[in-house]
Amino acid sequence: LAKGIGGIKAEAEEALAKLDDAVPGDLEKSFFYRSEIMVADAIIHLSHRHADLAEKMAGECKDEKRRAELLKIAEVCRWVPEHPARNFYEACQSILSYEYACYMEQNASSYNLGRLDQYLYPFYKADKEAGILTDDDAQELLDCLWIKIAEMCLFQDEVTAQYAAGYCITVQTSCGGIDQYGNDATNELSYMMIQATMDVKFKEPNLSVTYSIAKNPDSLLHKAVEAIGMGLTMPAIYANDVGIRMMLNKGVPLSEAWDWNPCGCVETNLSGRLKEYTDIADINMGAMVELALNDGKSRITGEQVSVHTGDPRNFKTFEEFFNVKTHINYVVDAITSGDQLLDYLSMNYRPVPALSLGFPHCMEVGKDYSQPGAAKYTVGGGVITVGQADIVNSIAAVKYLVYDEKKLTMDRLIKALDADFEGYEDVQAMCLAAPKYGNDDERADFCVGEIFTHVVDQFETYDTKFGKMTCGMLPVSGNTPIGQWVGALPSGRNARTPLTDVNGPTALLKSVSCIPHARYTQGTQLNMKFEPEMLKGEDGIAHAMNLIKTMSTLDVYHAQVNCVDRNTLLDAQAHPDKHRDLLIRVAGYTAFFVELGKETQDEIIGRTEINAWTGGCCGR
């Protein structure tokens, strides 16, 4: 916005002119700078084509008001993104034009808009003071930007679509948080961004509030809960302090970590400075228990997919059963090996010159974003754990039923799992009644910190060309297809069903707070489903605000709310034409419910529904 694409192109031309091919390394730099000049020209050319089209349409338009709008569009696109934005309108258009270029360069998701209320605010403020912009004008421009972002779409193959159902592009933008001095960063645009989501009621962009319980005003939280209460599923709420600690864990100094922003689903990022590839692999946490109880074999395929750890019938103590960790170690090694290959392929075959334009350090060192040392900060590939509740509930069930209370023998449990509980309904009933994660029950929560800290510790023993591997907890919609590869579990879950919760919302938060959130630097994700009546009126809003404050106090990184009742979801599944505008939070992103596959719809319908602020829930 400050330099314009033309200004960055001029920097590349200047750097190119200083190179000498006889100097080692300068040849590679020359390739980079030439690519930057080419894509800069292409982006500018594309914007001018939009200007040409707008002028052509204006010449054919009979409506004088629309004709004036088209001429204004032509004027703006003729100027930006080639030149520095001079006002709020041009800034919005420049952002959109560059966003289009990134998506055209490669078919990938999560080219995020970052802290829009921070870097757009100077344009808004200057225009307001000059008398050339009203709040209604600014709101309309933001609404239009929201609509144009929502128009974009990814092409996905059939398998990928199962893991990211609902045509998500996860373009995230956030408001709130703090400034460089540690003070409240909320401004007028923060509220307008939430209002834009309330106005257009689309699934993109993926709006978030980075909430600082110590610094941000109640009015911002109130506005956020208003939108959530409309059933929009947005904004998601992030505990700002936890996000900062995640950035510190990625090696970003505190002098910049305060400026973090959520990215994609729930990942942490630093706009224009941090290079990371997220979601390179998923760890099927439910399968780790299956492997521990089946000597490293898959119950679904019968294949040996992990190391041998012995017949569980011979495990005399719970600690021997806890060889679940051995299978985690095996998986971590396999994934890290795969990441090394992905890094090689990316570095050698997937340059991204358009994206590199937005990274100043790339321009300074003459390297594409895909190369080590190109961005100011880099981390290794991001890995997602799926099935948090499944592994905790299964470990708790084995400890409680087999070793502590001795209500079951290991032999009978294994036979029940082999049979998918058919003929062993009494065993399944005991498993379902065993202590469960999500209820603030120490009998289940005892292993949460240990298991998930172990996963991160293992990944951080490996190095990659870009730094330590990173972890997150955001299954997208992968818990449904991944569940197809897992047999019955000691939690009471049947084979091939989705991986997955429950005394009420505060108990849930207490259990979730046992997770070492700040170590999971790709982000952690908490989905909650509330009865719409719970957020009605000022009392409902106040209760929801207090819940969010409790979440922040407990250092729970993220929460997002589906405010919809079960009957509405069932009716939408049966009569999709009546519910085309029904939004639902799938995981770290929002989708139109009727665009989801039946398996994902069923999983969402089956999620535990909170119907009271203390002690109440229904569903499974």
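Among the residues of the stretch 110-154, the ones that are surrounded by fewer than 21 Cβ atoms within 10 Å (Cβ to Cβ) and touching a Leu at 6+ places or on another chain (Cβ under 6 Å) come to 3 in all. Any chance you could count how many residues in the stretch 382-409 are part of a helix (DSSP H, G or I), of a type in the set (Val, Ile, Thr) and buried (at least 23 other Cβ atoms within 10 Å of the Cβ)? Number satisfying all stated conditions: 4.
Scanning the stretch 53-68 for residues that are loosely packed, with under 13 Cβ neighbours inside 10 Å and assigned to a helix (DSSP H, G or I) returns 56, 59, 60, 64, 65, 66, 68. Restricting the stretch 155-167 to residues that are out of contact with any Ser or Thr (no Cβ under 7 Å at 6 or more places or on another chain) and of a type in the set (A, V, I, L, M, F, W, C), which is surrounded by the most Cβ atoms within 10 Å (Cβ to Cβ)? Only one residue tops the list, namely 161. Restricting 322, 315 to those that are out of contact with any Gly (no Cβ under 6 Å at 6 or more places or on another chain), open to solvent by 20 Å² or more (accessible area, probe 1.4 Å), modelled with pLDDT under 95 and not β-branched (Val, Ile, Thr) reduces the list to 322. The criterion of being farther than 20 Å from residue 240 by Cα and either buried (at least 22 other Cβ atoms within 10 Å of the Cβ) or in contact with a helix residue (DSSP H, G or I) (Cβ under 8 Å, 6 or more places away or on another chain) (or both) holds for residue 530.
Output the residues belonging to the stretch 444-470 that are of a type in the set (Ser, Thr, Tyr) and surrounded by 16 or more Cβ atoms within 10 Å (Cβ to Cβ). Scanning the stretch 444-470 gives 462, 464, 470. Which one of these is farther than 23 Å from residue 206 by Cβ, surrounded by fewer than 18 Cβ atoms within 10 Å (Cβ to Cβ) and more than 20 Å from the chain's Cα centre (by Cα): 581, 602? The conditions single out 602.
In the stretch 543-559, the residues that are within 23 Å of residue 268 (Cβ to Cβ) reach residues that are surrounded by fewer than 16 Cβ atoms within 10 Å (Cβ to Cβ) with C-beta atoms within less than 6 angstrom, at least six apart or across chains, in these pairs: 549/213; 552/213. Would you say residue 571 is out of contact with any helix residue (DSSP H, G or I) (no Cβ under 6 Å at 6 or more places or on another chain) and either among the charged types (D, E, K, R) or open to solvent by 10 Å² or more (accessible area, probe 1.4 Å) (or both)? Against the criterion (out of contact with any helix residue (DSSP H, G or I) (no Cβ under 6 Å at 6 or more places or on another chain) and either among the charged types (D, E, K, R) or open to solvent by 10 Å² or more (accessible area, probe 1.4 Å) (or both)), residue 571 qualifies. When residue 431 is tested against (1) modelled with pLDDT under 95; (2) over 25 Å from residue 263 (Cα atoms), only condition (1) is not met. Taking the stretch 261-346 and the strands (runs of 3 or more DSSP E) fully enclosed by it, the elements with 1 or more residues that are among the acidic types (Asp, Glu) are at 267-269, 281-284.
None of 46, 19, 27, 1 is open to solvent by 20 Å² or more (accessible area, probe 1.4 Å), touching a Ser or Thr at 6+ places or on another chain (Cβ under 8 Å), in a helix (DSSP H, G or I) and closer than 25 Å to residue 352 by Cα except 46. Taking the criterion of being closer than 23 Å to residue 458 by Cβ and acidic (Asp, Glu), the residues of the stretch 253-302 that qualify are 267, 276, 279, 282, 290, 295. When 284, 261 are checked against the criterion of being of a type outside the set (D, E, K, R), crowded, with 20+ Cβ neighbours inside 10 Å, over 30 Å from residue 395 (Cα atoms) and in contact with a strand residue (DSSP E or B) (Cβ under 8 Å, 6 or more places away or on another chain), a single residue qualifies: 261. So in the stretch 227-243, with the set limited to residues that are open to solvent by 20 Å² or more (accessible area, probe 1.4 Å) and assigned to a helix (DSSP H, G or I), which one is farthest from residue 185 (Cα to Cα)? So the residue we want is 229.
When each of 434, 429 is tested for being open to solvent by less than 20 Å² (accessible area, probe 1.4 Å), out of contact with any Ser or Thr (no Cβ under 6 Å at 6 or more places or on another chain) and of a type outside the set (Val, Ile, Thr), the lone residue that passes is 434.
The values are calculated or read from the model by the stated rules, or taken from the named source; none is laboratory data. Here the structure is a predicted model, which means the values were calculated and not measured. We place every Cβ from the backbone using ideal geometry, glycine too, and count neighbours over all the protein chains shown. Surface areas here come from the heavy atoms of the whole protein model, side chains and all, with no ligands, DNA or RNA. Shrake-Rupley method; radii C 1.70, N 1.55, O 1.52, S 1.80 Å.
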